[in-house]
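The values are calculated or read from the model by the stated rules, or taken from the named source; none is laboratory data. Quantities reported herein were computed from a predicted structural model and do not represent experimental measurements. Here the Cβ positions follow ideal geometry from the backbone for every residue, glycine too, while neighbour counts run over all protein chains shown. Surface accessibility is based on the protein's heavy atoms, side chains included, excluding ligands, DNA and RNA. Shrake-Rupley method; radii C 1.70, N 1.55, O 1.52, S 1.80 Å.
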Amino acid sequence: MNSDAEMNTEDGGSSPEEFGEADCFSEEEDEEIVLDTSDNDTSYAKEDKKSENEVLDNDLLEAEMNTTIADVQAVLQVDPGVCRILLHKYKWNKESLLERLYEHPDTIAFLIDAQVIPRQQEVIPAGDAECDICCSMDELSGLSCNHRACAECWQAYLTNKIVSDAQSEIECMAPNCKLLIEDEKVLAYIKDPTIIAKYRKMMVASYIEINALLKWCPGVDCGRTVKVSHGEPRLVVCTCGSRFCFSCGQDWHEPVNCRLLKLWMKKCNDDSETSNWINSNTKECPKCMATIEKNGGCNQITCKNTGCKFQFCWMCLGPWTVHANAWYKCNKFDDEASQTARTAQELYRANLTRYLFYYNRYMGHLQSLRLEGKLNKTVKAKMDQMQNLSMSWIDVQFLRKAVDVLSECRNTLMFTYIFAFYLKRDNNSMIFESNQKDLEMETEQLSGLLERDLENEDLLTLKQKVQDTFRYVEHRRKVLLDHCAEGTEQDIWQYNE
Ligand SMILES: [Zn+2]
Ligand SMILES: [Zn+2]
Ligand SMILES: [Zn+2]
Ligand SMILES: [Zn+2]
Ligand SMILES: [Zn+2]
Ligand SMILES: [Zn+2]
């Protein structure tokens, strides 16, 4: 176990001063300037290590798909359309397809087993015959399964499958015939170029959907596809800026896993009426009862009533001053009520209170994340101002980095409350809660610094303060995530579901 993850007593871990000067704003910053990254402290959390992925547009994907088809065709010596269907059946895993092929004594038997060619073929008499579908006398044609129809009926059938059912793998028209129609046949019957274009587009879409190493980017109007080398849950980053979980397509949600996230989302949707009231921007000052509107992300609130000026926590409404104390557990739900509940109603109420506690925290950080979006603007202005006062472009990048770190921490904190909601109470969960509390406290510190203190500081002091703070916050985030990941690896987390 990571030593930093152990129960802390007084001060919530090591102090910011331990994190000395190091050039931290580099990697993903503007391309115009190439910075030397060699002196970076590698102990800081770098998610980008986990996000090594390719981003492809549709043309590239189609080319990649056709290359795979050509590779298989070179071995099988059948139409590319047949190869595409075969590959589709093998989820585009070429290696496993070829492995199975080599295990088979002969190729024809393999193709029959794969149901891409029929078991036997009859001899069909030439000349016109009656079409089973429309009953007109016409020249009939069909597939290798010998199911035949007139060209018009084929065209109508295929058009319907493509346009209405959006299928790119189409079964033979005969009932109970499972033979998939190869592209060459489909395209021979369809003449309309817009339908052909739609069919080609769907082929690529189906290639992406069924391929375990590819995923559509969920970014609005992005349309690109992300490719990874192996398909487990992990952070992927698209060129449009989307950062999402490769496995479930949701926003990256470490430390909670995809399954619990899905359960949580479902629960939130089901309980929407109970949660509406929480998600508001106003609360009353716990001391003077003045209505306070929250317009920044930081949860350390000072009452606007000049006679009061009470400092309190937006999440728990407790006095801010006690939050740093080891005994104060702002992030921890006191579940005594559920342990002492005797009747079903008492238990129901206790469970609901528990859920609302976690939901409140989850939404609180989400709300902060949104409110802190405004910081990009103020920070930009501050950076311009600093550059006018003799600092170089590189010198002022720490501010942007600090805002990025803050939003990463908000994101992580949000998901820690889902994780905590499902976590059973034991020693490990207590360590987790302690890490969560540390990260939360430090994140509020950084948020407060960026929201409040930016104006009144001397530039060099400010730089030092901001850098120390964001590095320390980044460190706390890494400690928490590492502890969670190690726990998952060692299977120590016990969940209630
Ligand atoms: Zn017909
Ligand atoms: Zn058939
Ligand atoms: Zn994208
Ligand atoms: Zn996921
Ligand atoms: Zn007050
Ligand atoms: Zn609190």
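Tabulated data for the structure shown
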item: Residues of region 418-429 satisfying the condition of being within 24 Å of the chain's Cα centre (by Cα) and open to solvent by less than 10 Å² (accessible area, probe 1.4 Å); result: I418, F419, A420
item: All helices (runs of 4 or more DSSP H) inside region 280-399 with 1 or more residues being modelled with pLDDT of 90 or more; result: 344-372, 375-388
item: Matching option when the condition is more than 30 Å from E52 (Cβ to Cβ) and at pLDDT 90 or above, among R200, R224; result: R200
item: Residue match in region 410-419 (condition: among the aromatic types (F, W, Y), in contact with a Pro (Cβ under 6 Å, 6 or more places away or on another chain) and touching a residue at least 60 places away in the same chain (Cβ under 8 Å)); result: yes
item: Options K283, K287; residue that is within 22 Å of L413 (Cβ to Cβ) and basic (K, R); result: K283
item: One residue from A174, A126 being open to solvent by 60 Å² or more (accessible area, probe 1.4 Å) and among the small types (G, A, S); result: A126
item: Qualifying positions in region 209-236 - of a type in the set (A, V, I, L, M), open to solvent by 20 Å² or more (accessible area, probe 1.4 Å) and within 16 Å of ligand 3 (Cβ to nearest atom); result: V220
item: Test result for K401, buried (at least 19 other Cβ atoms within 10 Å of the Cβ) and more than 27 Å from Q339 (Cα to Cα); result: yes
item: Any hit, region 149-169, residues being among the aliphatic types (A, V, I, L, M), touching a Gly at 6+ places or on another chain (Cβ under 7 Å) and open to solvent by 60 Å² or more (accessible area, probe 1.4 Å); result: no
item: Scope region 379-398; condition open to solvent by less than 10 Å² (accessible area, probe 1.4 Å) and of a type in the set (A, V, I, L, M); matching residues; result: V379, M386, V396
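Yes/no per residue for (1) modelled with pLDDT under 95; (2) open to solvent by 10 Å² or more (accessible area, probe 1.4 Å):
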| residue | (1), (2) |
| --- | --- |
| T416 | no, no |
| I431 | no, yes |
| V466 | yes, no |
| H475 | no, yes |
| C484 | no, no |
